[in-house]
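Before any comments, here is the structure.
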Amino acid sequence: MPSLKDLKNRIATVKATQKITKAMKMVAAAKLRRAQEAAEAARPYSQRMSAVLANIAQAGTNDAPRLMTGTGSDQVHLLVVCTAERGLCGGFNSQIARLARDHTRKLLSEGKTVKIYCVGKKGYDILRRDFASLIIERTELREVKKIGFENADQIGKKVISLFNKGEFDVCTLFYSEFKSVISQVPTAQQLIPAAVPAGEPAGASDASYEYEPDAGAILADLIPRNISVQIFRALLENVAGEMGAKMSAMDNATRNAGDMINKLTLKYNRQRQAQITKELIEIISGAEAL
C-alpha cells in the first residue's frame, strides 16, 4: 500500500498533467477555427478545378497528357500518405495509416508493386514498422508554422517528377477529411491518372466551349496545378482534423485526470483517517494500561 507521501506526490503529478492537457486543449481550440476556415475555403476551389478538368476532358482531345490518360498500366502504385507531424491527437494518424496499410496489403495480394511517399512524421513512423522497404520518399513539415500552397506544390512536383521517370503508373492520395471536431474521415483520392469526377453541377456538361490554345495544351498546364491543389487541400484538411482530434483527446485527458485526482484524494483521505484512528487507539490503549 502506498504511503501518504506517495499518494500526495501522485496527486500533485496528476494535477500538473491536468494543467498541461487543459492548456493544450485551449491551444488546439484556438488553432482549430483558423484551420477549419482554411480547409472549408479550399474545398470550392479544388472542386471547381476538378469540374474544369472534367469539362475539358469531356470535350475530347487526342493529345491529352499522360498525367490524365496514364501509362496504360496499373502495375506500380504510389501511395502518398499525409499525416500529422505530432501525436497526442487520439487515433487521427493511425486511422489514415490503417487505410493506407489496408490498401497496400490489398494491392500486394493482387501482385501489384507498391511504393509509399510519406508526408508527415507520424505516418512514416507507423508505416515503416510493416513496409519500411516500400517507402521511397518522405517529407516532414514540422518546421512549417502555417501550411502554404508552396509546400503542397513542392510535394506535387516531386510526385510528377517520379511519374515522368516512370517510377509508377497510379498515384493515390491518403488524408483525413474534416467533418467536425469529433469526426474526421480517412479518405483515398486518385491523383494520377487524373480521375474525372462524377456528379458535376447541372448544365456543366451541356455547355459548349472553344479553347485557346487547344484543350491538350490547357490540360498539360492545368493537371500539374490540379495535383498540387488537391495535395494542398489534403494538407489543410489534415491540419483541421488534427486540431479537432487533439482538442477532443485533450478534453478527454483532462476529464480523466480529474477523475483520477478525485479517486486518489478519496484514497488519501481514507488512509489518512485510518492512520489517525490507529494512532488514537494506540494512545487510548496506552493510557488505559497505565
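Against the list (1) modelled with pLDDT under 70; (2) among the aromatic types (F, W, Y); (3) in a helix (DSSP H, G or I), the condition Y209 fails is (3).
The residues on offer are E288, E242, and the sole one that is part of a helix (DSSP H, G or I), touching a Cys at 6+ places or on another chain (Cβ under 7 Å) and not polar (S, T, N, Q) is E242. Residue count for the stretch 138-193 under the criterion of being among the acidic types (D, E) and over 17 Å from I223 (Cα atoms): the result is 4.
Selection of first residues in the stretch 266-279 that are over 13 Å from L7 (Cβ atoms) and at pLDDT below 85 and of second residues that are open to solvent by 100 Å² or more (accessible area, probe 1.4 Å) and β-branched (V, I, T), restricted to Cβ pairs under 7 Å at least 6 apart or on distinct chains, gives an empty result.
For every residue, the table says whether it meets (1) under 20 Å from V239 (Cβ atoms); (2) in a helix (DSSP H, G or I).
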| residue | (1), (2) |
| --- | --- |
| M68 | no, yes |
| E85 | yes, no |
| L88 | yes, no |
| Q95 | yes, yes |
| R105 | no, yes |
| Y124 | yes, yes |
| A152 | yes, yes |
| I160 | no, yes |
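No other residue among A30, A51 is modelled with pLDDT under 85 and part of a helix (DSSP H, G or I) apart from A51. Among the residues making up the stretch 114-133, none is of a type in the set (A, V, I, L, M), in contact (Cβ under 8 Å) with a residue 24 or more places away in the chain and surrounded by fewer than 18 Cβ atoms within 10 Å (Cβ to Cβ). Which residues, counting only those in the stretch 219-258, are open to solvent by less than 40 Å² (accessible area, probe 1.4 Å) and over 22 Å from the mean Cα position of the chain (by Cα)? Matches in the stretch 219-258: L219, L222, I223, P224, T254, A257, G258. L88 passes every criterion in (1) surrounded by 13 or more Cβ atoms within 10 Å (Cβ to Cβ); (2) closer than 26 Å to S46 by Cα apart from (2).
The values are calculated or read from the model by the stated rules, or taken from the named source; none is laboratory data. In this text the structure is predicted, and so the values were computed from the model without any measurement. Cβ atoms come from the backbone with ideal geometry, glycine included; neighbour counts cover every protein chain shown. The protein model used for the area step is the full one, side chains on, heavy atoms only, and it has no ligands, DNA or RNA in it. Shrake-Rupley method; radii C 1.70, N 1.55, O 1.52, S 1.80 Å.
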